[in-house]
Protein chains: 2
Amino acid sequence: MRIGLDVMGGDYAPKAAVLGAIETYTTLPADQKLVLIGDSNQVKTICTEVGFDVNNFELVHTDEVIGMGEHPTKAIVKKPNSSIAVGFGLLKEGKIDAFSSAGNTGAMLVGSMFSVKAIPGVIRPCMPTIVPKLHGGVGIILDVGANADCKPDVLLQFGILGKLLAENIYEVNNPKVGLMNIGEEEEKGNLLSLATYPLMKDTEMFNFIGNIEGRDLFNDKADVIVCDGFTGNIILKLAESFYVLTRKKGLKDEFFDRFNYEQYGGSPILGVNAPVVIGHGISSPEAIKNMLLLSRDLITSGLIDKIKQAFQ
Amino acid sequence: MRIGLDVMGGDYAPKAAVLGAIETYTTLPADQKLVLIGDSNQVKTICTEVGFDVNNFELVHTDEVIGMGEHPTKAIVKKPNSSIAVGFGLLKEGKIDAFSSAGNTGAMLVGSMFSVKAIPGVIRPCMPTIVPKLHGGVGIILDVGANADCKPDVLLQFGILGKLLAENIYEVNNPKVGLMNIGEEEEKGNLLSLATYPLMKDTEMFNFIGNIEGRDLFNDKADVIVCDGFTGNIILKLAESFYVLTRKKGLKDEFFDRFNYEQYGGSPILGVNAPVVIGHGISSPEAIKNMLLLSRDLITSGLIDKIKQAFQ
């Protein structure tokens, strides 16, 4: 198994990425190799600084970088030798089994769609995120930004993708799938949620438990929460701001600690033909490590094949 | 001035409503009268219990109540002698200058649209709510649930309504109006926000500062945050759940204390021809008092006339 990492992605790249890869290396069995894609000279320098043998990694040298603020589609096309473009090339050719980056989210989304492409039957791949549950465990909310506008059949598919992620990566048995809405009753909602509800009610693809509301994000009503990427992105950023606030205020609590993005490592792009994980821009070595371990889990769980089967 | 209150509305009605009215009475000058609409016998009993002279109030007896779970439109039509229906009748006839209730939100919305009606030019009246700002003061977010689906021109109008509310009730000078979105750049967003941005950018009706994100709810970027009622309702309930969480966790902080809905008393319905305020279902006497004081401020500020002028 070969796990690819863009070492040029993230606000603290390449140092945080390389240090994270080193931390990960010590936890992996010999047959799980890390492939570091980026400026090999910088990788070697960082390894030397910390006394780590760079030969434990496989290196793929690239000499271009897609910046955090660059236009995704233009950057991917104009920088074929960027770490992200090269990473997707390797993934498409099967030379790596997963690819992850804490770099430009849009470029990762575009890159995955252009290279490994959407799984046949999946209308719109999406990005989930993990939310800590008050009574322990985690929930999944999706989409959190890949698709600002969604149609009802797309939201229905997010339910399937979220269910499979919850079952195969987070070991939730028969996950409860809820539709984010502004009231519990079937007749509450906007045009999108009103049209989505009956599709979800009728599906046999997952365990639909009905509408849930903003206040239910952290309770146990639903394991998987489905919404369009506009709503999900606003929810995600608002929740993150609360975590930041509790930290600023010096409020210590086990629950709030579990908001720490570092623990989750990143969001997979669900619905494309290979494991792809996007990390937080501010990723620390710890976050990079968890992003790589998530990539590994996506490979070993066979999630991609399970998604393909579900959409056959 | 005559301030109308539905004493039958709210989870703890009529007791919380009457006790709130008594608390308010002691703070009002003689020319600001409270008109209590509901079961007069119950009002008298509660006043006697606490040794308060019921003659300080004006009572309007009603013998029907619209329950919290009833269908708004049907209930208003079927229960013409309910406290909400009678209250709106008095408001329409000018026998009270404002009407407020902690009862059925939908019935209050429908009642205001059917009786005093939307101000000419206002496409969709809406409900704002107040959010505490981290560095002091408050912000306004609207709509939070009256209009699940909105068009760009409706969001533009919410900007005008929010600006006038901020200026006239919360004494914010030249309020900064932001559009809730999923990125700061003009080209980010869903179809609705993409179409709304240029309208707001071009308007001279308010000080548009661009897109803001979920993480900006509590900072000082915008005084007024505009979104559709679906998004706003989810934001509101998520923010409330955080406040409940900090309370449950025993985390004490001045900022989180300012989330307490009791301090704000309720949400006005903006864009109708008279002051109408909807309180939280779980309103305590303190919340009822602040709802009545907000009603009073809506009258004295002349906000309704200022909205009429803006939409002429």
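The values are calculated or read from the model by the stated rules, or taken from the named source; none is laboratory data. Just so it is clear, the model here is predicted, and its values are computed rather than measured. Counting neighbours? That spans all protein chains shown, and the Cβs are built from the backbone with ideal geometry, glycine included.
Which residue, of A:Leu165, A:Leu155, is under 13 Å from the mean Cα position of the chain (by Cα), away from chain B (no Cβ under 12 Å) and at pLDDT 95 or above?
Selected residue: A:Leu165, the only one of A:Leu165, A:Leu155 that is under 13 Å from the mean Cα position of the chain (by Cα), away from chain B (no Cβ under 12 Å) and at pLDDT 95 or above.
Check A:Ala195 against each of (1) in a loop (DSSP other than H, G, I, E, B); (2) small (Gly, Ala, Ser); (3) modelled with pLDDT of 95 or more and name the one condition it does not meet.
Only one criterion in (1) in a loop (DSSP other than H, G, I, E, B); (2) small (Gly, Ala, Ser); (3) modelled with pLDDT of 95 or more is unmet by A:Ala195, namely (1).
Among (1) buried (at least 16 other Cβ atoms within 10 Å of the Cβ); (2) facing another protein chain (nearest Cβ under 10 Å), which single condition is B:Lys221 missing?
Failed condition: (2).
Going through A:Gly265, A:Gly183, A:Gly210, A:Gly189 one at a time, which residue ends up being outside any helix (DSSP H, G or I) and touching a helix residue (DSSP H, G or I) at 6+ places or on another chain (Cβ under 6 Å)?
Checking each option against the conditions leaves just A:Gly265.
Quick check on A:Lys188: is it charged (D, E, K, R), in contact with a strand residue (DSSP E or B) (Cβ under 6 Å, 6 or more places away or on another chain) and surrounded by fewer than 23 Cβ atoms within 10 Å (Cβ to Cβ)?
no
Can you find, within the stretch A:127-146, the residue that is modelled with the highest pLDDT among those that are within 14 Å of chain B (Cβ to nearest Cβ) and closer than 23 Å to A:Gly87 by Cα?
A:Met127
Being surrounded by fewer than 17 Cβ atoms within 10 Å (Cβ to Cβ), at the interface with another protein chain (Cβ under 7 Å from one of its Cβ atoms) and either outside any strand (DSSP E or B) or free of Cβ contacts under 8 Å to residues at least 12 places away in the same chain (or both) is the requirement here; does A:Leu251 meet it?
yes
Among the residues of the stretch A:133-162, how many are touching a strand residue (DSSP E or B) at 6+ places or on another chain (Cβ under 6 Å) and either among the small types (Gly, Ala, Ser) or not in a loop (DSSP other than H, G, I, E, B) (or both)?
Residues flagged as touching a strand residue (DSSP E or B) at 6+ places or on another chain (Cβ under 6 Å) and either among the small types (Gly, Ala, Ser) or not in a loop (DSSP other than H, G, I, E, B) (or both) within the stretch A:133-162 amount to 11.
Looking only at the stretch B:226-248, filter to residues that are within 19 Å of A:Arg215 (Cβ to Cβ) and of a type in the set (Val, Ile, Thr); which one of those is nearest to the other protein chains (Cβ to nearest Cβ)?
Per the stated criteria, the residue is B:Ile234.
Can you tell me which of A:Ile235, A:Ile304, A:Ile288, A:Ile282 is closer than 30 Å to B:Thr246 by Cβ, out of contact with any Lys or Arg (no Cβ under 9 Å at 6 or more places or on another chain) and part of a helix (DSSP H, G or I)?
Selected residue: A:Ile235, the only one of A:Ile235, A:Ile304, A:Ile288, A:Ile282 that is closer than 30 Å to B:Thr246 by Cβ, out of contact with any Lys or Arg (no Cβ under 9 Å at 6 or more places or on another chain) and part of a helix (DSSP H, G or I).
Quick check on my filter: what residues within the stretch A:189-218 are over 23 Å from the mean Cα position of the chain (by Cα), more than 8 Å from chain B (Cβ to nearest Cβ) and not hydrophobic (A, V, I, L, M, F, W, C)?
Matches in the stretch A:189-218: A:Thr196, A:Tyr197, A:Pro198, A:Lys201, A:Asp202, A:Thr203, A:Glu204, A:Gly210, A:Asn211.
What tally of residues in the stretch A:1-21 results from selecting those that are surrounded by fewer than 21 Cβ atoms within 10 Å (Cβ to Cβ) and over 20 Å from A:Leu90 (Cα atoms)?
3
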